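Please treat every number below as a calculation from the coordinates, not as lab data. Computed from a prediction, not measured in an experiment: that's the story for all the values here. Positions of Cβ are backbone-derived with ideal geometry, glycine not excepted, and every protein chain shown enters the neighbour counts.
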């Protein structure tokens, strides 16, 4: 009998130690600080536009990765984003601008994504495309998105690029951005989302109030539909370039909020 009791005590002790270890692991994962940020650019742009946001966040101790989207298809852009997410060493804030919002909506299902930030971005639901939302309001007169060319590539009209895409930047900056815009395949605009990550992840959105490329009302309507927590910033469609401090502040606050949970 004594041997049996000793055996039971030993088993109970082992179970307690194991349970404590498991509980500790869960608590540690849950309370882990979010220090990684992955930034996804949109159409008619490249990753260099995030330089200001990158510099601000890295000075605050964040590890920032900028995805260079091939802009050839939704699947290709999601694959490029997933590669960046695979390389992160812990929970990550995934932020996307413009078309990049569609990309993070799909790629945000990655297990390392702790939260999503939409920066003047499209936010479609399952079965929806960017074009579906783009057509819900008349474009501004300054909008310069051209029809696809003979190869299916969509460009932004050079004559309208400054006023339509980045009206609060200098003409010199606008000229560089126009020259460095990626070749955006038009099929991206009509590609539907299959699993919207914002349905399952904490989601935040920035409305660029002077946006001439994506009507601010479209942004508000998308974000309202998904119960996204909204911050409004006075700026053009390129608000992440013209107002990097404010955009970085939103991202940092999201990271802090999710770390405190």
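In table form, for the structure just shown:
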item	result
Per principal axis, descending, Cα span of the stretch 34-260 in whole Å	46, 37, 30
Label-point separation in nm, residue 217 to residue 73, each point 7 Å along Cα→Cβ	3.6 nm
Cα centroid separation, the stretch 165-186 to the stretch 213-248 (Å)	19 Å
For the stretch 32-132, alpha-carbon Rg over 2.2 N^0.38 Å	0.99
Extension reserve of the residue 158-residue 51 stretch, reckoned as 0.36 nm per residue once the Cα distance is removed	36.2 nm
Extension reserve of the residue 63-residue 253 stretch, reckoned as 0.36 nm per residue once the Cα distance is removed	66.9 nm
Gain in span if fully extended, residue 175 to residue 190, counting 0.36 nm per residue against the direct Cα distance	2.6 nm
Packing rank of 136-143, 95-102, where each peptide gets the mean count of other beta carbons within 10 Å, highest leading	95-102, 136-143
Radius, Kirkwood style, for the stretch 145-240 when every pair of distinct Cα atoms is counted (Å)	15.1 Å
MRE, 222 nm, helices only [DSSP H, n ≥ 4, -39500 (n - 2.57), over the chain, to nearest 500]	-13000 deg cm²/dmol
Antiparallel content of DSSP bridges confined to the stretch 34-260, in %, to 5	10 percent
Peptides ranked, highest mean first, by Cβ atoms within 10 Å: ranges 115-122, 49-56	115-122, 49-56
